[in-house]
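Notes to accompany the following structure.
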């Protein structure tokens, strides 16, 4: 039954199971960005848009975000517009102050986790982690360029989120 539902989901999104598989062998790359927040985790999470499944659009300067199903809970699906490309993201993990999404229909099987972790009663830490399979990106230069591009883009987003969270 689970296999039938998974195939139905792929078909509904216009993908075949072969398109959804990550290339082998995998060469995973991980980037982590952090910022200190001068607010408790509940307030920080709200201010960085954590309870809004499309809230990230404000900080990553995405062209758009559409919620296809759900509201950000496990299994929710959104489509973000990155440049001129529509990218499907599925919520694969969720806590009170975090969510993880996957882009299973991309050749690099990209994942991202946004979290606000409590430090003490009045402070927290924003942690944004990216992970992807760089095998399909190309040669070493292309892989380095991809890492550097994401480094700049997501550091800028984390800085914007921290500014929004730390505002009076």
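The values are calculated or read from the model by the stated rules, or taken from the named source; none is laboratory data. If you're wondering where the values come from, they're calculated on a predicted model, not measured in any experiment. Heads up, the Cβs are rebuilt from the backbone with ideal geometry, glycines too, and the neighbour counts pull from every protein chain shown.
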Among (1) assigned to a strand (DSSP E or B); (2) surrounded by fewer than 18 Cβ atoms within 10 Å (Cβ to Cβ); (3) in contact (Cβ under 8 Å) with a residue 40 or more places away in the chain, residue 132 falls short only on (2)
In the set 157, 163, 93, 146, the lone residue that is exposed (fewer than 15 other Cβ atoms within 10 Å of the Cβ) and assigned to a helix (DSSP H, G or I) is 163
If we ask which residues in the stretch 109-155 are in contact with a helix residue (DSSP H, G or I) (Cβ under 7 Å, 6 or more places away or on another chain) and over 20 Å from residue 33 (Cα atoms), their number turns out to be 1
Qualifying residue in the stretch 77-90 (condition: in contact with a strand residue (DSSP E or B) (Cβ under 7 Å, 6 or more places away or on another chain), in a loop (DSSP other than H, G, I, E, B), surrounded by fewer than 16 Cβ atoms within 10 Å (Cβ to Cβ) and at pLDDT 95 or above): no
In the stretch 96-110, anything outside any strand (DSSP E or B) and without any contact (Cβ under 8 Å) to a residue 40 or more places away in the chain is listed as 106
